[in-house]
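Okay, structure first, notes after.
Read the figures in this text as sums done on the coordinates, not as results from a lab. None of these values were measured; they are calculated from a predicted model. Please note: Cβ atoms are built from the backbone with ideal geometry, for glycine as well, and neighbour counts cover all protein chains shown.
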Amino acid sequence: MVPGARQHVGNWPGKTVEKKEGSFSHKGVPLKLVDLPGTYSLTAAAEDELVSRNFIIEEKPDLVVDVVDASNLERNLYLTMLLLELDTNVLLVLNMTDLAKEKGYKINIDNLSQKLGIPIIATVATKGKGIAELKDAILKAAQTRITKKNALNYDKQIESLIDYLVAILTKDKNLPAKYPLRWLAIKLLEKDEQALAVAKTSAVSRELLEVVA
Amino acid sequence: MRLSELKPGQEATVTKIENTTTARRRIMDMGLVKGSKVKVICRAPLGDPLEIEIRDYKLSLRKKDAQNILVTEAE
């Protein structure tokens, strides 16, 4: 994703766990891009996933551009859901749409965009298709922060637990500025290591651990 | 039966994931959850690793991880 960069792609320990940065300007607006480790998930247990996740939580970027292989949406939209749950501004890029077409997939982009509540751009990066539209969309999406409804609603029992945890988390004055509280509540229910560590040092740790431990 | 016991070409449905927390989370993140349909593509010599097809993509699993995934074979 870094403009003008030619980089090797690989997936092994040590590969792209660091971030790469680049910048360009579009329609006179300077934009800074940070390429995060490519992942399928955002757990605390994997180093690359934690790098991406912490960047989004700590740096609060104007926009997260989620580039996915359009020929395997079922697997890749999982990360999109996790990003939406992180309460970040997301632009979904369906890349390799040529391959998806070859596989016989017809993707109803308007419908998907409406369901997810986020803008979607189709590209074929190797052929430069959709890149101009992508730049326009990045600029537009980065400047407009849409307030979304919950990306995913769980069943009643889990939702009421989430609400209960959010109510406790709200009492710690330090937390709301740092973490999306619904996200933190969900991670606590998942017994996510990082979320548990946050809970332990929180002013409301006793109340939280009564529910989660 | 266990996912590790399936032969290449056999299809099955996941019924239970008995792996420890981290591995379990990782496996579920890759889309392998209760009710998922899987098909064994091939096995390396000695059965490790094992390549399966799931949700229209191919996934390699360690034998020790596949041993903790319970499945029922498709009819």
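General remarks:
- For the stretch A:93-124, backbone nitrogen atoms closer than 18 Å to the point 7 Å from residue B:53 Cα along Cα-to-C-beta are found at A:100-105.
- Anchor residue B:39: aspartates and glutamates whose Cα lies under 20 Å away (excluding residues fewer than 8 positions away in-chain): A:74, B:5, B:11, B:18, B:29, B:48, B:51, B:53, B:56, B:65, B:73, B:75
- Across A:32/A:115; A:32/B:58; A:191/B:7; A:19/A:140; A:156/B:7; B:16/B:58, pairs whose alpha-carbon gap is larger than 32 Å: A:32/B:58; A:191/B:7; A:156/B:7
- In this structure, residue A:98 and residue A:154 have a Cβ-Cβ separation that, at R0 = 30 Å, corresponds to a calculated FRET efficiency of about 0.25.
- Taking A:62, A:48, A:136 in turn, the Gaussian network model of chain A (Cα-Cα springs below 10 Å) assigns the largest fluctuation to A:136.
- Computed Kirkwood radius, in angstrom, where 1/r is averaged over Cα pairs of the stretch A:156-212: 10.9 Å
- Ranked by how many other Cβ atoms sit within 10 Å of their own Cβ, fewest first, the residues A:144, A:39, B:13 fall in the order A:144, B:13, A:39.
- Summed over all non-identical Cα pairs, the Kirkwood treatment of the stretch A:20-143 gives a radius of 15.2 Å.
- Averaged over the residues of peptide A:185-193, the number of Cβ atoms from other protein chains lying within 10 Å of each residue's Cβ is 1.
- Across chain B, C-alpha contacts under 8 Å between residues 6 or more apart give a mean separation that, scaled by the residue count, equals a relative contact order of 44 percent.
- Cα-only radius of gyration and Dmax that characterise the stretch A:57-206, units Å: 17.8, 55
- With coordinates expressed along the principal axes, the C-alpha atoms belonging to the stretch B:3-73 extend over 28, 21, 20 Å, beginning with the largest.
- Extension gain for the segment residue A:163 to residue A:74, taken as residue separation times 0.36 nm less the Cα-Cα distance, is 29.2 nm to one decimal.
- Relative contact order (%) - criterion: Cα under 8 Å, at least six apart; region: the stretch A:20-143: 21 percent
- Extending 7 Å from the Cα toward the beta-carbon at both residue B:73 and residue A:125 defines two label points whose distance is 4.2 nm.
- Here residue A:34 and residue B:11 are evaluated by their C-beta separation; at R0 = 45 Å the FRET efficiency comes out at 0.60.
- Stokes-Einstein diffusion for the stretch A:97-185, with the hydrodynamic radius set to the Kirkwood value over Cα pairs and evaluated at 25 °C in a medium of 0.890 mPa s, equals 149 µm²/s.
- Within 10 Å of the Cβ of each residue in A:41-51, the mean number of Cβ atoms contributed by other protein chains is 2.
- Per-residue average of Cβ from other chains inside 10 Å of B:24-35: 3
- Treating r as the C-beta distance of residue B:21 and residue A:112 and R0 as 41 Å, the FRET efficiency rounds to 0.80.
- Computed Kirkwood radius, in angstrom, where 1/r is averaged over Cα pairs of the protein assembly as shown: 21.0 Å
- Net charge, residue B:2 excluded, C-beta distance under 12 Å - Lys, Arg +1, Asp, Glu -1: -1
- Each Lys and Arg contributes +1 and each Asp and Glu -1, all at the Cβ; summed about the Cα centre of the stretch B:3-73, the dipole is approximately 180 debye.
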